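Novice: The structure is given below, and queries will be raised subsequently.
The values are calculated or read from the model by the stated rules, or taken from the named source; none is laboratory data. Everything numeric here is computed off the predicted structure, so don't read it as measured data. All Cβ positions, even for glycine, are placed from backbone atoms using ideal geometry, and neighbour counts span all protein chains on display. Surface accessibility is based on the protein's heavy atoms, side chains included, excluding ligands, DNA and RNA. Shrake-Rupley method; radii C 1.70, N 1.55, O 1.52, S 1.80 Å.
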Amino acid sequence: MPDRDRQDALQGDLAKEYRRGVEAPSEDLAEALLALYGRIRRTLLTGKSDEVTASQTAALGRLLRYGETTVADLARAEGVRPQSMGATVQALVDLGFVERRQDPTDGRRALVRATTEGARARQDAWSARTHVLADRLAALPEADRDTVARAVAVLLPITEA
């Protein structure tokens, strides 16, 4: 059975078991949650209107959340090679979303930070994705939206571990 069919079957089985009051194994839940995450991500990417890649979006988001840093530290935080992050940052510099400056305490190092234009582009992209997802959620019955809200509240702590 192809992966997508297997994931659909697993999610369907989990939903049936939940309705019957059967506890689902953690590994099955984890697999279903990862598959759902991928499907949501792909759904949101299909409506994407900018030219910024996922890795560029992640790097820009981290710079906006945590502030100025080196490319090496940014690569470490994102779990990629410094060379890959260097290319990602250069693309963001070319778009005007990030700027480089010499480190005032160590002239051999460069620091990178998001620009006002980068913050605006990130906010516009976030708003567009939020709108797509909000429209999809609005189409659900109220009881299902309540269930989604409870699931978000339950799942949030596992991201903070």
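Novice: List the pairs whose first member sits in the range 49-70 and is in contact (Cβ under 8 Å) with a residue 40 or more places away in the chain, whose second member is in a loop (DSSP other than H, G, I, E, B), and whose Cβ atoms are under 7 Å apart, counting only residues at least 6 apart or on separate chains?
Specialist: Cβ pairs passing all conditions: Leu60/Phe97.
Novice: Any chance you could count how many residues in the range 112-137 are farther than 25 Å from Ile40 by Cβ, of a type outside the set (Lys, Arg) and either open to solvent by 70 Å² or more (accessible area, probe 1.4 Å) or in contact with a Cys (Cβ under 9 Å, 6 or more places away or on another chain) (or both)?
Specialist: Residues flagged as farther than 25 Å from Ile40 by Cβ, of a type outside the set (Lys, Arg) and either open to solvent by 70 Å² or more (accessible area, probe 1.4 Å) or in contact with a Cys (Cβ under 9 Å, 6 or more places away or on another chain) (or both) within the range 112-137 amount to 2.
Novice: Here's a check for you: in the range 69-89, which residue that is surrounded by fewer than 16 Cβ atoms within 10 Å (Cβ to Cβ) and in contact with a strand residue (DSSP E or B) (Cβ under 9 Å, 6 or more places away or on another chain) is farthest from Gln123 (Cα to Cα)?
Specialist: The residue in question is Ala72.
Novice: Next question. In the range 91-111, how many are open to solvent by 40 Å² or more (accessible area, probe 1.4 Å), free of Cβ contacts under 8 Å to residues at least 24 places away in the same chain and not basic (Lys, Arg)?
Specialist: Adding up the residues that qualify gives 7.
Novice: Oh, and also: Would you mind stating whether Leu140 is surrounded by fewer than 16 Cβ atoms within 10 Å (Cβ to Cβ) and assigned to a loop (DSSP other than H, G, I, E, B)? Give the steps one after another, and end with the answer.
Specialist: On the way: surrounded by fewer than 16 Cβ atoms within 10 Å (Cβ to Cβ): yes; assigned to a loop (DSSP other than H, G, I, E, B): yes.
Spelling it out, Leu140 is indeed surrounded by fewer than 16 Cβ atoms within 10 Å (Cβ to Cβ) and assigned to a loop (DSSP other than H, G, I, E, B).
Novice: Condition first: in a helix (DSSP H, G or I) and either surrounded by 12 or more Cβ atoms within 10 Å (Cβ to Cβ) or modelled with pLDDT of 85 or more (or both). Now tell me which residues in the range 46-65 satisfy that. First the steps, then the outcome.
Specialist: So in the range 46-65, the residues in a helix (DSSP H, G or I) come out as 46, 54-65.
Answer for the range 46-65, where residues must be in a helix (DSSP H, G or I) and either surrounded by 12 or more Cβ atoms within 10 Å (Cβ to Cβ) or modelled with pLDDT of 85 or more (or both): Ser55, Gln56, Thr57, Ala58, Ala59, Leu60, Gly61, Arg62, Leu63, Leu64, Arg65.
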